[in-house]
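Q: Take a look at the following structure, please.
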Amino acid sequence: MSKLHVTTKINGDEVEFLCDPRETLLDVLRDRLGLTGAKEGCGTGDCGACSVTVDGRLVCSCLMLGAEAEGKEIATVEGIAEGEALHPLQKKFIEYAALQCGICTPGILVAAKNLLEKNPDPTEEQVRYWLAGNLCRCTGYDKIIRAVMDTAAEMREAS
Amino acid sequence: MALDSSKTTGFKYVGTRPDRPDGLDKVTGRARFGADATAPGMLFAAIKRSPHAHARILRIDATKALAMEGVKAVVTRADFAEGLTGENWNILENVMAGDTALYDGHAVAAVAATTALAARDAIKAIEVDYEILPHVTDVDKAMAPDAPVIRAGAADASVPEGLHPNVVRYHESGHGDVEAGFAEADLVIEDHFVTEATHQGYIEPHACLGTLGTDGKGELWCCTQGHWNVQKVCAALLGLETSQLRVTASEIGGGFGGKTAVFIEPVALALSRKANRPVKLVMTRAEVFKATGPTSSTSMDVKIGMKKDGTITAAQGTFRLQGGAFPGAPCEMTAMCAFAPYDLKHVKQVGYDVMANRPKQAAYRAPGSPMAAFAVESVIDELCKKLDLDPIDTRLKNASREGTRASFGPTWPRIGLVETLEAAKAHPHYSAPLEPGQGRGISCGFWFNHGGETSVSLALSEDGTAQIAVGTPDIGGSRASMALMASEVLGIPYEDIRVIIADTASLGYNEISHGSRVTYASGLATIKAAEDAVQKLCARAAAKWGIPEDAVYWEDGFAKPSGPNAGDFAPLPIAEITATMGATGGPISGHFEATPEGAGVSFATHIVDAEVDRETGSTKVVRYTVVQDAGKAVHPTYVEGQFQGGAAQGIGWALNEEYIYGEDGRLQNAGFLDYRIPVASDLPMIDTVIVEVPNPGHPFGVRGVGETSICPPLAAIANAVSAAAGVRMRQLPMRPSRILEALDSAADG
Amino acid sequence: MVDVALWSGLRPLIGGRDSVAVEGSTVGEILTALRRDYPALGPTLDAGVSVVVDGRVIASSLTEPVRPDSEVVLMMRLKGG
């Protein structure tokens, strides 16, 4: 079976790749493009560790084929910081110790950033339900929720 | 000058909350976990697994697979060492089946191919003929006379005569005369409890990248809690000399005990040796559930007698644990932890380790202890209710203290149980009013904690900063704690210290990161290595000043003369000594290699409020407070994180998580959809109180904290739910259907 | 001589007693003496034991000192997770 040629945009950069029709976007990001920030925790869309955004929509990249990236704008954790400037979420996560092993962190950051872009003033309940698709086994979510709420407050103040 | 930096107060760095040093890598996606490594020419592996719970393997034919495009090697049991005995044999038998498939998912063969998809396709082409055998998955059924025999002759000398061959180990301990004790009680409650198997649920599946040459030299990258153990096991299973295999630990995406065991690394190395190329092997989530190491499932009987004034007169427990198709269910840990919080004149605990057609169990955060606490603390809760006694006061009345005799034998040294109970009692949560439909549960919990072989090396750089190489993978943020402890001794800023996890070739042996030992043992070793370096720094200063070494002391990063008699020298900062160290005697490093003993035990008390929906049976945890003794919290934020994480796992274990087996002995819910761990919307904020009763065995008083936090939640939540529902829950998890059944049978009377 | 308390499951192996007295000034010497004086304990010791000396859990070290008046308690080897 011959490979498909795909042209897409990832974290603002034009990217082209070849992939097997069966490869997921997650496989492509990790194995073909060297973007290993997105993680495979389950391969079935249940854990959110592979979260990316596609044209601004939060998606599990394990549930999307690489070929479906054609003509889309993909954003991964690697694109959250701008050069050496960390996004406020990233800074707060470190400050609040909102990560222990860190495997879920890329997915949670992508999801949280997406939330704050859509809703800059979420309640605790809204944050919890938005992040319900991102499993964390280490933290019990407490410090993650606090970090997101505090970031939202800080970003509102700054704007 | 022998430096002893032991202290329990007056800290400058320990106890502060700086940013962790590896935070930047982890929030940018740069940190490299098990599956994030690549090597030129790398092949991808996949494993063929038995679909049967118990079956003789008659024939494996890989001809078609080997003929497929991109397939470079196939291995079976024949490609591993022969003649292994003891635990090495058990591990090999689990890593790759011999003549019998022992559980649904048991590995029978493996393939390496040029792409992951090709490997996946190739395993479908491997033909295996099975003769299906009767199976058993339930612990009590596995002990019954008619149970299928998993493996004859596996029982050790501890097992009494007359038990089924599936019973492989036995434990009995205690003291006094329980019958006499029960006779003294005003109320005796005896009850039966069941818990299902759960999985540690780490979000990162096992993954490794291995290269092994026919010359016996190998390199292995893997996510593990203990890379020296991986080195040792792989060497045994592949017939290698240990030192010829170098293992590097990646960042690890959760372990909780489940990554202390070896499952796939020997397979990757065997394939690599055959194909003469690096091999990457990553487990799927379904494979993680089916073929790594879940907990035991249990069947427990507990009987406790209490006087009207709340004094426990006697306690007895029988704990049956199945650990999969191999010995190792931690029945003795369950038995010894069960009554540990209580000072008992008459106590007896018995444990059985039973085999069944399930995967080989592995440790999960205080293995064995949470289940024991569920049974014991539920009975104590019931006694308190029936005798109308306050749950915390009753526990205080009977609490283990320094000088009392532990249920498993020794006299307690300084311990912090009473302090956790008192802090819980004083906490606003305990006296907060409950809404209608809500119930409150209390539980204590206990864990031993561990020391273990530890090697640490500290190298000073020419600019006076330090590099510390430890051998314990960072599973909870320990790099920060190591740096804080080294700062305290060296007197240099936390930011001037870099901590790395060294590979097996770069340090002496290190025992696995388990038993909550890292902050304790690697921490102690870091302190001692820093003291070693300080002694050498002082010697250089003494030589420079022409005074004896014992006339120099170290303070806040400076060498100083010890008094006016020693000489009037200006304090010498570390950077000045290190700048010239090459010329004054050579590079300065500190080392410590030892097996620290004296790990301090840890107690906890949890308070939970839960509400039950009587229509749907669903439960909501509305408030949670963890109170736990940490000895000394080196980095309090990460100690809080351990408390919260353990509580969250306990909530999942109590309410949702279980291994569900079908009649065919196959695992029905091998994915995160149907094996449902707590998500962000399930949980409230989790309050934490750090109690500090210093452990005399650590220079700064540290007690391990990682495991104890999972010991109380099962019981605390069961007690809260039982109170909310008005009916005693005796089986975990308390999923909605179980709560509705319990409500129905209570209604029927 | 040091008194070593054994867990109750071992009583059948040592004639129903719950402790035995052996010579030794380190954990290692105590374990060697147990093995020599009470061969029935051999398989148990092989399976692995931890020793608690005056309230300190000695998981594996054989060189840990023991005094004649130390409280010494044998336990099944502890494991963690």
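Every read-out reported here was derived from the displayed coordinates using simple, explicitly stated rules and does not represent laboratory data. Owing to the predicted nature of the structure, the values given are computational and were not obtained by experimental measurement. Because the Cβ atoms are built from the backbone with ideal geometry, glycine has one as well, and the counts that use them run over all protein chains shown.
Q: Taking θ = phi - 60°, what integer Hz values does the Karplus form 6.51 cos²θ - 1.76 cosθ + 1.60 yield along region A:152-157, in sequence order, with x for Gly and Pro?
A: Computed from phi, the couplings for region A:152-157 are 4, 5, 5, 5, 5, 5 Hz.
Q: Taking region B:240-313 on its own, what percent of its Cα-Cα pair distances exceed 17 Å?
A: Details: 1772 of 2701 pairs.
Every Cα pair in region B:240-313 considered, those over 17 Å come to 66 percent.
Q: Any idea what log10 I(q)/I(0) is at q = 0.14, 0.25, 0.29 Å⁻¹ for region B:615-683, Debye with uniform C-alpha scatterers and no solvent?
A: At q = 0.14, 0.25, 0.29 Å⁻¹ the computed log10 ratios are -0.60, -1.14, -1.30.
Q: Which Cα, out of B:VAL621, B:LEU524, B:PHE592, lies furthest along the positive dipole direction of region B:498-650 (beta carbon charges, K/R +1, D/E -1)?
A: Towards the positive end, the residue furthest out is B:PHE592.
Q: For region B:648-725, state what percent of all Cα-Cα pairs lands in each successive 10 Å bin, counting from 0 Å until the bin that includes the largest distance.
A: With 10 Å bins starting at 0, P(r) equals 14, 33, 29, 17, 7, 1.
Q: Checking the a/c ratio against 1.5 first, then a/b against b/c, what shape does the Cα gyration tensor give for region B:122-237? Spell out each step's value before the answer.
A: Working: a/c = 2.38, a/b = 1.82, b/c = 1.31.
It comes out prolate by the Cα gyration axes.
Q: On average, how much area does the Cα convex hull of region A:36-119 cover when viewed from any direction, in nm²? It would help to have the intermediate numbers written out before the result.
A: Details: hull surface 24.0 nm².
So the Cα hull casts an average projection of 6.0 nm².
Q: Ignore the peptide's own chain and count Cβ atoms of other chains within 10 Å of each Cβ in B:172-179; give me the average, rounded. Walk me through the numbers on the way to the answer.
A: Numbers: counts 6, 10, 4, 4, 0, 0, 0, 0.
Mean partner-chain Cβ count within 10 Å for B:172-179: 3.
Q: Rounded if a/c is under 1.5, else prolate if a/b is larger than b/c, else oblate: which is the protein assembly as shown, with a ≥ b ≥ c the root eigenvalues of its Cα gyration tensor?
A: rounded
Q: Per-residue mean of other chain beta-carbon atoms within 10 angstrom of the beta-carbon, peptide B:150-162?
A: Per residue, the average neighbour count from other chains is 2.
Q: Over all directions, how big on average is the projection of the convex hull of the alpha-carbon atoms in region B:564-637, in square nanometres? Walk me through the numbers on the way to the answer.
A: Details: hull surface 49.7 nm².
Mean orientational projected area (region B:564-637, Cα hull): 12.4 nm².
Q: Out of the trypsin sites (Lys or Arg not before Pro) in region C:1-64, which ones are loop residues according to DSSP with at most 16 other C-beta atoms within 10 Å?
A: Numbers: sites: C:ARG17, C:ARG35, C:ARG36, C:ARG56; in loops: C:ARG17.
In loop regions of region C:1-64 (DSSP not H, G, I, E or B), the sparsely surrounded trypsin sites (Lys or Arg not before Pro) are C:ARG17.
Q: Please label the shape of region A:1-84 as rounded, prolate or oblate, based on the square roots a ≥ b ≥ c of the eigenvalues of the alpha-carbon gyration tensor (a/c under 1.5 means rounded; beyond that, a/b larger than b/c means prolate, else oblate). Provide the component values of the computation, followed by the final result.
A: On the way: a/c = 1.65, a/b = 1.13, b/c = 1.47.
Oblate is the answer for region A:1-84, as a/c is 1.5 or above yet b/c matches or exceeds a/b.
Q: I'd like the distance between the alpha-carbon centres of region B:359-384 and region B:476-522, rounded to an integer number of Å.
A: Between the Cα centre of region B:359-384 and that of region B:476-522, the gap is 31 Å.
Q: Cα-based Rg (one decimal) and Dmax (whole number) for region B:404-492, in Å?
A: Reported Rg and Dmax, both Å: 21.3, 66.
Q: How large are Rg and Dmax for region B:372-443 when calculated on the C-alpha trace, in angstrom?
A: 13.9, 45
Q: Quickly estimate the mean residue ellipticity at 222 nm for chain B, helices only: each DSSP H run with n ≥ 4 gives -39500 (n - 2.57), and the total goes over all residues, rounded to 500.
A: On the way: 21 runs with 212 residues, N = 749.
So the calculated ellipticity at 222 nm is -8500 deg cm²/dmol.
Q: Checking a compactness column here: for region B:214-261, what do you get for Rg(Cα) / (2.2 N^0.38 Å), N being the number of residues? Walk me through the numbers on the way to the answer.
A: On the way: Rg = 11.0 Å, N = 48, 2.2 N^0.38 = 9.6 Å.
Normalised by 2.2 N^0.38 Å, the Cα Rg of region B:214-261 equals 1.15.
Q: What's the Cα-based Rg to Rh of region B:44-193, Rh via Kirkwood?
A: Details: Rg = 22.3 Å, Rh = 18.8 Å.
Rounded to two decimals, Rg over Rh is 1.19.
Q: From the P(r) of region B:329-412, can you give the percent of Cα pairs sitting at distances over 19 Å? Each step should come with its number before you reach the end.
A: On the way: 1629 of 3486 pairs.
For region B:329-412, the fraction of Cα-Cα distances above 19 Å is 47 percent.
Q: A further question follows. Across bins of 10 angstrom width beginning at 0, how are the C-alpha pair distances of chain C distributed, in whole percent?
A: 19, 59, 21, 1
Q: Students often check this: by mean Cβ neighbours within 10 Å, which of B:524-531, B:82-89 ranks highest, and how do the rest follow?
A: B:524-531, B:82-89
Q: On to the next question. Over region B:492-624, what portion of Cα pair distances is larger than 20 Å, expressed as a whole percent? Before the final figure, lay out the partial values.
A: Numbers: 5553 of 8778 pairs.
Considering region B:492-624, 63 percent of its Cα-Cα pairs are separated by more than 20 Å.
Q: In region B:640-714, what GluC sites (Glu not before Pro) fall in a loop by DSSP, with at most 12 other Cβ atoms inside 10 Å?
A: Details: sites: B:GLU640, B:GLU657, B:GLU658, B:GLU663, B:GLU692, B:GLU707; in loops: B:GLU657, B:GLU658, B:GLU663, B:GLU692, B:GLU707.
Within region B:640-714, the qualifying GluC sites (Glu not before Pro) (loop, at most 12 other Cβ atoms within 10 Å) are B:GLU663.
Q: Please compute, for peptide B:695-702, the average count of beta-carbon atoms on other protein chains lying within 10 Å of each residue's beta-carbon. Kindly include the intermediate steps, with their values, before the conclusion.
A: Working: counts 1, 2, 3, 0, 0, 0, 0, 0.
Taking all residues of B:695-702 together, the mean is 1.
Q: Which whole-Hz couplings ³J(HN,Hα) result when phi for each residue of region B:698-713 is put into the Karplus expression 6.51 cos²θ - 1.76 cosθ + 1.60, θ = phi - 60°, listed in order with x for Gly and Pro?
A: 10, x, 10, x, 5, 10, x, 10, x, 9, 3, 5, 9, 6, x, x
Q: Semi-axes of region B:566-723's equivalent ellipsoid from the Cα gyration tensor, sqrt of 5 times each eigenvalue, largest first, rounded to whole Å? Mind dumping the intermediate values first?
A: Values: eigenvalues 459, 82, 44 Å².
Values for region B:566-723, descending: 48, 20, 15 Å.
Q: Please list the radius of gyration and Dmax for region A:92-159, considering alpha-carbon atoms only, with Å as the unit.
A: Using the Cα atoms of region A:92-159, the pair Rg, Dmax is 11.0, 34 Å.
Q: Another question, then. Place a label point 7 angstrom from the Cα of A:THR123 along the Cα-to-Cβ direction, then list the residues of region B:679-694 whose backbone nitrogen is under 20 Å away.
A: B:679-686
Q: Given B:THR311, B:PRO410, B:ASN656, which one lies farthest toward the positive end of the charge dipole of chain B, if we put +1 on the Cβ of every Lys and Arg and -1 on the Cβ of every Asp and Glu?
A: Value: B:ASN656.
Q: Same structure again: Order these peptides, B:379-386, B:355-362, by their mean beta-carbon neighbour count within 10 angstrom, highest first. The partial results should precede the final answer.
A: Details: B:379-386: 20.6, B:355-362: 28.8.
Going from most to least packed, we get B:355-362, B:379-386.
Q: Separation of region B:120-167 and region B:623-661 by C-alpha centroid, Å?
A: 34 Å
Q: Could you work out the mean projected area of the convex hull around the alpha carbons of chain A, in square nanometres to one decimal?
A: On the way: hull surface 36.7 nm².
Across all orientations, chain A yields a mean hull projection of 9.2 nm².
Q: Could you run the Karplus curve 6.51 cos²θ - 1.76 cosθ + 1.60 with θ = phi - 60° over region B:436-444 and give me ³J(HN,Hα) per residue in whole Hz, x for Gly and Pro?
A: x, x, 9, x, 10, x, 10, 8, 9
Q: Take the Cα radius of gyration of region A:70-118 and divide it by 2.2 N^0.38 Å, with N its residue count; two decimals is plenty. Write out the running numbers ahead of the final one.
A: Details: Rg = 11.6 Å, N = 49, 2.2 N^0.38 = 9.7 Å.
Taking N as the residue count of region A:70-118, the ratio is 1.20.
Q: Same structure, new question: Can you compute the equivalent ellipsoid semi-axes for chain B, i.e. the square root of 5 times each eigenvalue of the Cα gyration tensor, sorted largest first and rounded to whole Å?
A: On the way: eigenvalues 358, 292, 95 Å².
Here the semi-axes work out to 42, 38, 22 Å.
Q: A further question on this structure: What is the packing order of peptides B:738-748, B:367-377, B:314-324, taking the mean over residues of other C-beta atoms within 10 Å and listing the highest first?
A: Those peptides, ordered most packed to least, come out B:367-377, B:314-324, B:738-748.
Q: So which lysines pass the test for A:LYS92, namely a Cα distance under 16 Å, with those fewer than 8 places away in the same chain ruled out?
A: A:LYS113, A:LYS143, B:LYS26
Q: With point charges of +1 on the Cβ of Lys and Arg and -1 on the Cβ of Asp and Glu, referenced to the Cα centre of region B:205-336, which listed residue (B:GLY324, B:ALA236, B:GLY257) lies farthest in the positive direction of the dipole?
A: The one lying farthest along the dipole's positive direction is B:GLY324.
Q: No other cysteine beta carbon under 4.7 Å away is the test; run it over chain B and list who passes.
A: B:CYS223, B:CYS234, B:CYS331, B:CYS337, B:CYS384, B:CYS444, B:CYS538, B:CYS711
Q: Determine the relative contact order of chain A: mean sequence separation of Cα pairs under 8 Å and six or more apart, normalised by residue count, in whole percent. Numbers along the way, then the final one.
A: On the way: 286 pairs, mean separation 36.1, N = 159.
Normalised by residue count, the contact order of chain A is 23 percent.
Q: Put a dot 7 Å past each Cα toward the Cβ at B:MET685 and B:THR115; how far apart are the dots in nm?
A: Calculated label separation equals 5.1 nm.
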